[in-house]
1. With respect to the numbered conditions (1) more than 28 Å from GLN254 (Cα to Cα); (2) in contact (Cβ under 8 Å) with a residue 24 or more places away in the chain; (3) not in a loop (DSSP other than H, G, I, E, B), which one is the sole condition not fulfilled by TYR345?
2. Show the residue pairs meeting these rules: Cβ distance below 8 Å; 6+ apart or different chains; first residue within the range 8-32 and in the same structural domain as ILE62 (by TED's automatic domain parsing); second residue among the polar types (S, T, N, Q) and crowded, with 20+ Cβ neighbours inside 10 Å.
3. Which residues, counting only those in the range 42-60, are closer than 19 Å to LYS86 by Cα and part of a helix (DSSP H, G or I)?
4. Between a residue in the range 217-241 that is within 19 Å of LEU251 (Cα to Cα) and any residue that is outside any helix (DSSP H, G or I), which pairs come within a Cβ distance under 7 Å, given they are 6 or more apart or on different chains?
5. For SER160, state whether it is within 30 Å of TYR12 (Cβ to Cβ), surrounded by 16 or more Cβ atoms within 10 Å (Cβ to Cβ) and small (Gly, Ala, Ser).
6. So which of LYS34, LYS38, LYS44 is loosely packed, with under 13 Cβ neighbours inside 10 Å and among the basic types (Lys, Arg)?
7. Is there a residue being under 30 Å from ILE156 (Cβ atoms), touching a residue at least 40 places away in the same chain (Cβ under 8 Å) and part of a strand (DSSP E or B) anywhere in the range 191-208?
Amino acid sequence: MELTRAYKFRIYPDTTRQEEIDERLVLAQQFYNKLLEKSIQSYKSGNHKTSMAQFNRFVKEIIQEDKKYLKLYSQTRCEIEYRLMKAYQNFFRRVKEKKQGKKQEVGFPRFRPMDRCKSMTYPQDNGSFSIHKGRLRVSRIGTMPIELHRTIEGKIKTLSIKKDADRYYAIFTAITDIKIPEVENSNPVGIDLGLNSFTALSDGTKIEKPRFVQQKKRRIAIWQKRVARRDKGSKRREKAKAGLQKTYEHLANQSDDYLHKLSKTLVTSGYTSFAVEDLQIQKMVKNHRLAGAIHNASGNRFIQLLSYKAESAGLSVVKVDAKNTSKTCSNCGNIQEMPLSERTYNCQRCGMSKDRDINASINILNRATLGQRGSHAQGKNVRPQQEATLEELRTDKTHPLRDAVIA
């Protein structure tokens with residue numbers, strides 16, 4: 001089976017290479033906006049069709065108007081075309097779904113500010129980039145040191161150059177063939193993603209996520225105040241923005257590191273499949289009181305990491321409808337109102353009393369297993385050579401996730 005993996009490495013361009021990268025990032029942002037502008041003008045003039053052939057004509061017009069866009073590698077310009085075409089396709093799909101009665105925002109493609117355009121992509125390994133003796137060569141930019149902290153497995157397909165604050169990264173995607181083991185689904189588990197505890201498993205385990213944002217809250221406020229006080233367009237404001245970006249980047253790295261470790265621990269803990277909620281984050285964050293907590297919880301990111309790790313191990317991740325999982329009794333199926341302040345589910349019909357999140361995780365597992373009652377997930381290790389079960393985490397003082405397991 002072919003799997004696509006991304007590899008992110010730090011690169012260290014000198015001053016000249018930094019200027020080259022920065023210039024092309026600006027050109028990529030302007031090129032995208034020019035392409036979008038021409039497509040909108042074409043629509044207003046009566047041409048309601050959107051196609052790659054039409055975009056190719058727009059590209060020729062843009063280059064004829066200003067030759068500076070020739071500094072962008074030709075494949076990079078093509079990738080920007082495909083990116084905008086994908087945005088239009090998603091827009092048309094959402095319009096069609098809304099006409100069919102689905103409640104959602106349509107979202108027409110938007111112009112991109114410079115702050116939201118921090119990368120450019122070389123979509124083919126056709127000589128436009130190469131790695132040799134610890135240095136990365138990129139067409140029309142030059143060579144620069146690269147920190148290869150891990151081996152790239154498989155065939156490299158694409159390269160993206162990304163800038164975060166004042167740091168530069170090279171992100172490769174590679175395709176590799178792996179043999180997926182066959183695992184009998186004898187030990188499934190349901191996972192409920194919450195706000196008080198990060199995850200609750202149907203076997204009774206609850207796992208907390210460190211409060212990274214709260215730990216950096218004061219520092220973020222200081223940088224935000226500095227940005228607000230300095231004049232727009234000044235160098236001092238740009239330096240303050242870079243400091244704020246570094247703080248947010250550090251938070252993102254902390255969260256990602258934790259989610260990687262947790263998802264790997266779950267995959268190697270003896271479970272044979274995972275049932276999770278199909279989260280609709282955009283709808284959930286409309287509750288402004290909980291929006292920050294929902295974003296900080298990183299639920300979708302966790303499911304993404306868990307899915308690809310489980311796939312490589314021959315396990316499955318099943319998404320189920322999240323509606324009423326917290327309001328339904330896992331014992332008798334009774335549905336009753338459950339305010340967020342109530343952390344214990346006390347069933348008014350059968351009298352069952354259970355932790356709210358644990359009850360929801362059992363309901364999630366039941367929906368994934370076609371109504372089977374109860375949970376088979378007891379943490380039993382059914383596969384050899386596992387790294388750490390959740391039970392071992394409670395006793396292993398050296399494991400990085402030991403303090404997260406609270407029940």
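1. Every listed condition holds for TYR345 apart from (2).
2. Matching pairs, first to second residue: ARG24/THR76; ALA28/THR76.
3. If the condition is that a residue be closer than 19 Å to LYS86 by Cα and part of a helix (DSSP H, G or I), then SER42, TYR43, MET52, ALA53, GLN54, PHE55, ASN56, ARG57, PHE58, VAL59 are the ones that fit.
4. Filtered contacts from the range 217-241: ALA240/ARG230.
5. Numbers: within 30 Å of TYR12 (Cβ to Cβ): yes; surrounded by 16 or more Cβ atoms within 10 Å (Cβ to Cβ): yes; small (Gly, Ala, Ser): yes.
Yes, satisfied.
6. Numbers: LYS34 fails: loosely packed, with under 13 Cβ neighbours inside 10 Å; LYS38 fails: loosely packed, with under 13 Cβ neighbours inside 10 Å.
So the residue among LYS34, LYS38, LYS44 that is loosely packed, with under 13 Cβ neighbours inside 10 Å and among the basic types (Lys, Arg) is LYS44.
7. So in the range 191-208, the residues under 30 Å from ILE156 (Cβ atoms) come out as none.
Looking through the range 191-208, none of the residues is under 30 Å from ILE156 (Cβ atoms), touching a residue at least 40 places away in the same chain (Cβ under 8 Å) and part of a strand (DSSP E or B).
Residues checked against (1) over 23 Å from LEU25 (Cβ atoms); (2) surrounded by 11 or more Cβ atoms within 10 Å (Cβ to Cβ); (3) not aromatic (Phe, Trp, Tyr):
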position: GLN54; (1), (2), (3): yes, yes, yes
position: ILE62; (1), (2), (3): no, yes, yes
position: ILE80; (1), (2), (3): no, yes, yes
position: MET85; (1), (2), (3): no, yes, yes
position: GLN100; (1), (2), (3): yes, no, yes
position: LYS103; (1), (2), (3): yes, no, yes
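The values are calculated or read from the model by the stated rules, or taken from the named source; none is laboratory data. Predicted model, so just to flag it, every value in this text is computed and none were measured. Cβ sites come from the backbone with ideal geometry, for glycine too, and all protein chains shown count toward neighbours.
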